[in-house]
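J.: The following block contains the structure, expressed as structure tokens.
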Amino acid sequence: MKYQFADDFWWGSATSAPQSEGASARDGKSQNIFDYWYDIAPERFHHQVGPSEASTFYDRFQQDILLLKKLGHNTFRTSISWSRLIPDGEGEVNPKAVAFYNALIDGLLAEGITPFINLYHFDMPMCMQRKGGWESRAVVEAYARYAKTCFSLFGDRVTHWFTFNEPIVPVEAGYLNDLHYPCVVDFKRAVAVAYHSVLAHAKAVKEFRALGHQGAIGIILNLSPTYPRSNSQEDGVAAHHADLLLNKSFLDPVTKGRYPQDLVDLLRANDLLPQTAPEDAQLIADGVVDILGVNYYQPRRVKAKEGYRADSPVTMPEDLFSYYDMPGRKINPHRGWEIYEKGLYDILMDLKENYGNIPCYISENGMGVEGEEAFIGPTGRVEDDYRIDFIRDHLKWLHQALSEGSNCKGYHLWTFIDCWSWLNAYKNRYGLVRLERESQQRTLKKSGYWFAETARQNGFD
């Protein structure tokens, strides 16, 4: 069977400034929270590899753009580093950063590649974190000014903007699970961080629309579909709670302009509601996105919490549900994540049926592999048939969703080149291009050639 996609379908990949640029202490850039954390706790990072080098995109972006072209990309997502563009968090703009991002944008356009630019990818400037980070409304206001600066500087050429990538991740990793700096474990503070992230998003949307630039503004969410263990009422309630907290807490306000009442009631019943201002509701209502980026890696399977009662005190999300390892599931053994291709279809159908079929695209999907050098063949190329199979099987379900009316515009893989990934550093490789860290040599993997041919044909057999 031929899986054919539209002529204007978006084929591309995604990365981020902190994971690809490197040059973390050069040309006026200030520290973000990961730069700082690595300085004070390098032992928490895999093989003690920090963000200083990343994948040297800051220095090599011109040749990397040619690789993107070779990979058949017509679109490419990266982010702007707030701490590079405005080193003090607010105020003076760094001219060297402006020159870099102008050259990057112009270089992409010159090769016929549309830049998708995200404003925030987990990389809070440390100077802003010291002011409270996303717990602070002052930082929310500073972010809005940063967003306006980006739109003003680059909005004459950038037509696809995104306010946040996976805003739930700083909430979970930084304020619930001790996985990202500031390593807080406090549900109420986590709720405040989530709420202020939505306000920051809405303020950025307001600034974008006030400037009157052409194009669209959106947000990128990791929408892991939530599946209950069984059809029992108890498992259903657990799945509903997980979905409210981990999906709908961002999806609903940015697409419908309001929070689900069930979520509000749940937080109120447990004294977890954030402090609000009278003008917040209208701000959120006006912050509905033009387009939604969907990151999908794995499903979320849950079951009823043992001993759970409706009147039980809630101090963490996992007081309301337990994660469930479904027997017989397909697993990526390197990452430990379930591979469930139909989940992508289920997300798109949910958006079609319950969210007005909002324009969207798959903004991340991918397979991380540890020790990928074991798959280097006699020609020196990574023979990653497993990644080709992964992409192909997800695209089949995307094609099915499109045939049933999904308003999905494209597919971006994570990622173009093996990149630095937070505490995991280079442990798991996701790229279409292999990076040799010592030499910084770039080599297309087998999947890179396959992806390029698929993009050129707008489909595959």
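Just so you know, all these numbers are worked out from the coordinates, no wet-lab data involved. Since the model is a prediction, treat every value here as computed from it, not as a measurement. Virtual Cβ from ideal backbone geometry, glycine too; neighbours counted across all protein chains shown.
J.: Measure up 2/409; 256/303; 352/409; 303/342; 342/445; 203/256 against 22 Å on the Cα-Cα distance and list the ones that go over.
T.: Working: 2/409 19 Å; 256/303 28 Å; 352/409 13 Å; 303/342 20 Å; 342/445 26 Å; 203/256 16 Å.
Correct reply: 256/303; 342/445.
J.: Here's a follow-up. How far is the Cα center of the range 267-284 from the Cα center of the range 1-75, in Å?
T.: Here the two parts' Cα centres lie 35 Å apart.
J.: Something else now. Just the number, please: percent antiparallel of the DSSP beta bridges in the chain, rounded to the nearest 5. Please report the intermediate quantities before stating the final value.
T.: Details: 14 of 49 bridges.
The antiparallel proportion sits near 30 percent.
J.: Find out how many positive minus negative residues lie around residue 283, taking Lys and Arg as positive, Asp and Glu as negative, among other residues whose Cβ is under 9 Å from that of residue 283. Walk me through the intermediate numbers first.
T.: Working: positive: 203, 206; negative: 279, 280, 286.
Local net charge: -1.
J.: Size of the range 1-90 along its principal axes in angstrom, Cα-based, largest extent first?
T.: Between the extreme Cα coordinates on each principal axis of the range 1-90 lie 54, 31, 23 Å.
J.: Taking the highest mean first, how do the peptides 214-227, 276-289 order by number of other beta carbon atoms within 10 angstrom per residue? If you can, show how the numbers build up before the last one.
T.: Numbers: 214-227: 21.6, 276-289: 14.6.
So the peptides 214-227, 276-289, ranked by packing, come out 214-227, 276-289.
J.: Continuing with this model, one more query. For the range 3-460, what is the largest minus smallest coordinate of the Cα atoms on each principal axis, given in angstrom and ordered from greatest to least?
T.: Its Cα atoms span 62, 54, 45 Å along the three principal axes.
J.: Give me the compactness ratio for the range 321-408, meaning the Cα radius of gyration over 2.2 N^0.38 Å.
T.: Rounded to two decimals, the normalised Rg is 1.33.
J.: Separate question: Show me, bin by bin at 5 Å from 0, the whole-percent P(r) of the range 139-249 based on Cα pairs.
T.: Per 5 Å bin, starting at 0, the Cα pair percentages come out as 2, 11, 17, 17, 16, 13, 10, 6, 4, 2, 0.
J.: If packing is taken as the average count of other Cβ atoms within 10 Å, what order do 368-379, 427-438 fall into, highest mean first?
T.: 427-438, 368-379
J.: Could you work out the percent of alpha carbon pairs in the range 29-141 separated by over 20 Å, rounded to a whole number? Mind dumping the intermediate values first?
T.: Values: 3144 of 6328 pairs.
Across the range 29-141, Cα pairs with separations above 20 Å total 50 percent.
J.: Can you list residues whose amide H is under 5 Å from residue 417's amide H, if they're 5+ apart or on another chain and H is modeled 1.01 Å from N?
T.: Here the answer is 432, 433, since their amide H atoms fall under 5 Å of that of residue 417.
J.: Taking the radius of gyration and the Kirkwood hydrodynamic radius from Cα positions alone, what is the Rg/Rh ratio for the range 234-291, to two decimal places? The partial results should precede the final answer.
T.: On the way: Rg = 12.5 Å, Rh = 12.3 Å.
Ratio of gyration radius to Kirkwood radius: 1.01.
J.: All other residues with a Cβ under 13 Å from the Cβ of residue 62 taken together, and with Lys, Arg as +1 and Asp, Glu as -1, what is their net charge? Please report the intermediate quantities before stating the final value.
T.: Numbers: positive: 60, 69, 442; negative: 59, 64, 106, 111.
Computed value for this residue: -1.
J.: What lysines does residue 96 reach when the alpha-carbon gap must be under 19 Å and sequence neighbours fewer than 8 apart in one chain are set aside?
T.: 29, 148
J.: If we sort 37-46, 144-153, 108-117 on the protection proxy, mean other Cβ atoms within 10 Å, highest first, what's the order?
T.: On the way: 37-46: 14.6, 144-153: 20.0, 108-117: 18.0.
Peptide ranking by packing, descending: 144-153, 108-117, 37-46.
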